[in-house]
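The values are calculated or read from the model by the stated rules, or taken from the named source; none is laboratory data. None of the values given here were measured: they were computed from a predicted structure. Cβ: placed from backbone, ideal geometry, glycine included. Neighbour counts: every protein chain shown. Each accessible area value is taken on the protein alone, full model and side chains, heavy atoms only, with ligands, DNA and RNA left out. Shrake-Rupley method; radii C 1.70, N 1.55, O 1.52, S 1.80 Å.
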Amino acid sequence: MRLIQFTTESGQRAVGAVADSNTIEQLKDVETVYQLAQRALESGTPLEALASSLLTDQQLDYQKIVDEGRLLAPIDHPEASQLMVAGTGLTHLGSADTRAAMHAQNSAGKEEQMTDTMKMFKMGVEGGKPSGDEIGVQPEWFYKGDGNCVVAPEQAIPSPSFALDAGEEPEIAGIYINDPEGNPCRIGFAIGNELSDHVTERQNYLYLAHSKLRHCSFGPELLLGELPAHIEGTSRIVRNGEVIWEKSFLSGEDNMSHTIKNLEDHHFKYTNFCRPGTLQVHFFGTATLSFGDGIKPEAGDRFEIESATFGRALRNPLKIVDRKIPAVKVL
């Protein structure tokens, strides 16, 4: 089952299940996926079973919702500060060229000559998929922001004027809610665009934290249940109605150096991320970037990220927003 959040023609919030490429079946008695998840926790009912029990005969035109700008992010929190967006990097096996480069360095037997990035990638390949209940090697981790950094599908992703780049990152995001005891419960998965400033990151790897403090988008559909082991998708950039860059990407555990469980273990081992009632959106990384092909996105470009696994494509234009750095005052 795949769910969306939207507003009705009368302006009320609603949740719908995707029946087909152009039909939404509205759920009754819930206005948000957060409410739905809370009810599932309270009743002990599996989320998909609960959603199925709330389906109505009311069928809506999916494209009309999109055309009228009524799509919302597939999950949000009533208080934006109670939703945290973070992610992990260097988690995918990447292209043949990337692997060949790693193998060439390894064959030289000079670990000290490898970059920190390559060392961490190698650690993931060797220890990111532990057996049984063992904990594997920890991945790279980054923080993006709270619910205020999330942009709804079809809406413009802002990039601050001080940024040196605004490049897409096609990724899968895990969506979680913490129960009243602080135990994380996975709601589902969504395709996402984890926008980053790759020029800033390239200046120095220690600037990674700065490069990730940007807006992002995910959805429009939230996939319930387990994530398929092999996922294929396409990422493209459209400028003035023409595709200027397009590339396929792979994800799912068959194409990753870490298991989803290992990435979850290393995120939720911190009590800060296990506060009751909070939501977590966690990006799992990628191996496909237009930046690697020398593309520099411009204001007005439209990012499109799609995978049949997740239904309708995630589309967002890019806009540049003037950001004046505020002067600090003494109280």
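Some notes on this structure:
- Debye log10 I(q)/I(0) for the stretch 5-53, one point scatterer per Cα, at q = 0.21, 0.26 Å⁻¹: -0.73, -1.00
- Loop GluC sites (Glu not before Pro), the stretch 28-80 (other Cβ atoms within 10 Å of the site Cβ: 15 or fewer; DSSP): 31, 68, 79
- Ordering 243, 330, 15 by accessible surface, largest first, gives 330, 243, 15; the 1.4 Å probe counts only protein heavy atoms, with every chain in place.
- The stretch 174-250 shape via C-alpha gyration tensor axes, a/c threshold 1.5: oblate
- The orientation-averaged projection of the convex hull spanning the C-alpha atoms of the stretch 121-204 amounts to 8.3 square nanometres.
- Site pair residue 254 and residue 39 shows an inter-label distance of 3.6 nm when each label is modelled 7 Å from Cα along Cα→Cβ.
- The chain: calculated mean residue ellipticity at 222 nm from DSSP helix runs of at least 4, using -39500 (n - 2.57): -5500 deg cm²/dmol
- Using the Karplus relation 6.51 cos²θ - 1.76 cosθ + 1.60 with θ = phi - 60°, the per-residue 3J(HN,Hα) values for the stretch 318-331 come to 9, 10, 9, 10, 5, 10, 8, 6, x, 7, 7, 9, 8, 7 Hz, with x marking Gly and Pro.
- Neighbour net charge for residue 158 - beta-carbon separation under 11 angstrom, K R +1, D E -1: +2
- Stokes-Einstein translational diffusion, the chain - Kirkwood Rh over all Cα pairs, 1.567 mPa s, 4 °C, in µm²/s: 63
- Multiplying the residue separation of residue 324 and residue 23 by 0.36 nm and removing their Cα-Cα distance gives an extension gain of 104.0 nm.
- Length-normalised contact order for the stretch 195-243 - Cα pairs under 8 Å, 6+ apart - percent: 26
- Among 163, 196, 123 the positive-end extreme of the charge dipole of the chain (Cβ point charges): 163
- Förster-model FRET efficiency, 22 Å R0, residue 296 and residue 115, C-beta, rounded to 0.05: 0.40
- Taking a ≥ b ≥ c as the square roots of the eigenvalues of the alpha carbon gyration tensor, the stretch 181-220 is oblate, as a/c is not under 1.5 and a/b does not beat b/c.
- Note on the stretch 201-331: Cα convex hull, mean projected area over all directions, 12.1 nm².
- Approximate spin-label separation residue 81-residue 181, in nm, with each point projected 7 Å along Cα-to-Cβ: 2.8
- With every protein chain in place and a 1.4 angstrom probe, the accessible-area ranking of 28, 324, largest first, reads 324, 28.
- Length gained on full extension, residue 204 to residue 161, computed as 0.36 nm times the residue gap minus the Cα-Cα distance: 13.5 nm.
- Length-normalised contact order for the stretch 174-331 - Cα pairs under 8 Å, 6+ apart - percent: 28
- The relative contact order of the chain comes to 22 percent, based on Cα pairs under 8 Å that sit 6 or more residues apart.
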